[in-house]
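The values are calculated or read from the model by the stated rules, or taken from the named source; none is laboratory data. None of these values were measured; they are calculated from a predicted model. Here the Cβ positions follow ideal geometry from the backbone for every residue, glycine too, while neighbour counts run over all protein chains shown. Side chains are part of the model used for accessible areas, which takes the heavy atoms of the whole protein and leaves out ligands, DNA and RNA. Shrake-Rupley method; radii C 1.70, N 1.55, O 1.52, S 1.80 Å.
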Amino acid sequence: SQQGEEDPQALSIQEGENATMNCSYKTSINNLQWYRQNSGRGLVHLILIRSNEREKHSGRLRVTLDTSKKSSSLLITASRAADTASYFCATATAGNKLTFGGGTRVLVKP
Amino acid sequence: GAGVSQSPSNKVTEKGKDVELRCDPISGHTALYWYRQSLGQGLEFLIYFQGNSAPDKSGLPSDRFSAERTGGSVSTLTIQRTQQEDSAVYLCASSIGQGSTYEQYFGPGTRLTVT
């Protein structure tokens with residue numbers, strides 16, 4: 001099974017609402033990263049949170065990390081139609097590669 | 001500056017044919033990754049190159065898949081005797097440093113369809 005698994009698989013909200021998605025993983029990590037993907041093509045890096053950090057902000061994004069529960073959450077505040085995309089968490093363990101989860105598809109309705 | 005580029009953007013091939021997918025990483029990025037993404041799924045790691053070190057091929061699904069990186073820059077992913085299950089979007093990413101600490105920059109992908 002995958003190291004990172006997102007929940008929910010899909011999310012539909014109205015513009016202006018907040019969107020929250022969660023990521024759970026199984027093994028110890030060095031860091032956890034969130035990426036956004038539009039239209040099934042290239043991914044864009046959003047934020048990286050290290051294993052010794054608990055919360056990080058970037059613009060309208062807020063990421064939390066709970067290593068005791070092996071989980072992370074991504075909150076998008078005041079969502080916009082342009083936030084419609086798939087969001088992936090990726091875990092970095094010892095080694096040189098990231099392991100991606102299955103993603104959360106977010107639809108922001110105008 | 002220019003981002004990661006991939007070519008072709010779309011490729012349709014007949015079952016049994018060989019295909020080559022190309023990735024041009026960001027200039028100066030020493031690490032290069034190949035991933036595969038099936039429809040509606042997450043990314044599956046295929047292979048990782050770092051400088052002159054031996055590549056990490058642990059994600060390649062079969063010996064029909066191979067990749068090389070010439071001169072520490074451009075990379076080519078080759079799939080021999082393509083099968084229908086090889087249909088997917090193949091994504092390339094590069095990063096400035098070694099290891100998973102660094103942000104990865106992705107190309108737009110190559111959508112491969114095997115008929």
Qualifying strands (runs of 3 or more DSSP E) (wholly inside the range B:7-103; at least 1 residues being of a type in the set (Phe, Trp, Tyr) and touching a Pro at 6+ places or on another chain (Cβ under 8 Å)): B:43-50
Identify, from the list A:Ser39, A:Ser86, the residue that is closer than 20 Å to B:Ser38 by Cα, open to solvent by 50 Å² or more (accessible area, probe 1.4 Å) and either within 14 Å of another protein chain (Cβ to nearest Cβ) or charged (D, E, K, R) (or both). A:Ser39
Would you confirm whether or not the range B:62-85 contains a residue that is aliphatic (A, V, I, L, M), open to solvent by less than 50 Å² (accessible area, probe 1.4 Å) and in contact with a Ser or Thr (Cβ under 7 Å, 6 or more places away or on another chain)? yes
Considering A:Ala81, A:Ala94, which residue is surrounded by fewer than 19 Cβ atoms within 10 Å (Cβ to Cβ), modelled with pLDDT of 90 or more and either touching a strand residue (DSSP E or B) at 6+ places or on another chain (Cβ under 8 Å) or among the aliphatic types (A, V, I, L, M) (or both)? A:Ala81
Confirm whether A:Arg62 is at pLDDT 95 or above, under 30 Å from B:Ser87 (Cα atoms) and outside any loop (DSSP other than H, G, I, E, B). no
May I ask you to list the residues in the range A:42-61 that are within 13 Å of another protein chain (Cβ to nearest Cβ) and buried (at least 16 other Cβ atoms within 10 Å of the Cβ)? A:Gly42, A:Leu43, A:His45, A:Leu46, A:Ile47, A:Leu48, A:Ile49
Note: among B:Gly59, B:Gly40, just one is exposed (fewer than 14 other Cβ atoms within 10 Å of the Cβ), without any contact (Cβ under 8 Å) to a residue 40 or more places away in the chain, closer than 28 Å to A:Ser86 by Cα and within 11 Å of chain A (Cβ to nearest Cβ), namely B:Gly40
